[in-house]
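Peer 1: The following block contains the structure, expressed as structure tokens.
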Amino acid sequence: MNFLFAAPHVAGACALMLSADKTLTFDQILTKLQTTAFKGSVLTTGDRSCGVSPGGWPNNVYGDGRINVRAAMGIPATPPRPARDPSVI
């Protein structure tokens, strides 16, 4: 994982995960974060791959991907709320 600029976010994710399950080990947390990281289309324009082929993971731009704590903790995605009817008070 690319911890250079992501360190505060990764530390917070680890704290959330440990608050939910104090028995998690370093290796378990690392595996969960790496396997659930968003690896979709994160490179938008230009060559930001820093010498690594785009789409290859890990890479020098996004490391193992964008962190997804909800997925790492096994919490299902929340469906969007239905639009509120403005005529109902």
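Since every read-out is calculated from the coordinates, none of them should be taken as a lab result. In this text, all values refer to a predicted model and were calculated from it rather than measured experimentally. So basically every Cβ, Gly included, is an ideal-geometry build from the backbone, and we count neighbours across all protein chains shown.
Peer 1: Given points 7 Å out from each Cα along the Cα-Cβ axis, report the residue 23 to residue 83 separation in nanometres with one decimal.
Peer 2: About 4.7 nm separates the two model spin labels.
Peer 1: Once you have the Cα-Cα distance between residue 11 and residue 38, take 0.36 nm times their residue separation minus that, and quote the gain in nm to one decimal. List each step's numbers first, then the result.
Peer 2: Details: separation 27, 0.36 × 27 = 9.72 nm, distance 1.75 nm.
Using 0.36 nm per residue and subtracting the Cα-Cα distance, I get 8.0 nm.
Peer 1: Order the peptides 10-18, 65-73 from the highest to the lowest mean number of other Cβ atoms within 10 Å of their residues.
Peer 2: Ranking, from highest mean packing down: 65-73, 10-18.
Peer 1: Using the Karplus equation 6.51 cos²θ - 1.76 cosθ + 1.60 (θ = phi - 60°), what ³J(HN,Hα) coupling, rounded to whole Hz, does each residue of region 6-12 give in order, writing x for Gly and Pro?
Peer 2: So the Karplus estimates, Gly and Pro as x, are 8, 3, x, 6, 5, 4, x Hz.
Peer 1: Also: Report the net charge of residues surrounding residue 74, where surrounding means a beta-carbon distance below 12 angstrom and charges are Lys +1, Arg +1, Asp -1, Glu -1.
Peer 2: Net of charged neighbours comes to +1.
Peer 1: Convert each backbone phi in region 63-78 into a coupling constant with the Karplus relation 6.51 cos²θ - 1.76 cosθ + 1.60 (shift: θ = phi - 60°), then list the ³J(HN,Hα) values in order as whole Hz, x for Gly and Pro.
Peer 2: So the Karplus estimates, Gly and Pro as x, are x, 8, x, 7, 4, 9, 5, 4, 5, 4, 8, x, 8, x, 5, 7 Hz.
Peer 1: Related question: Using θ = phi - 60° and the Karplus curve 6.51 cos²θ - 1.76 cosθ + 1.60, what whole-Hz ³J(HN,Hα) does each residue of region 31-38 get, with Gly and Pro shown as x?
Peer 2: 4, 4, 5, 5, 6, 9, 5, 6
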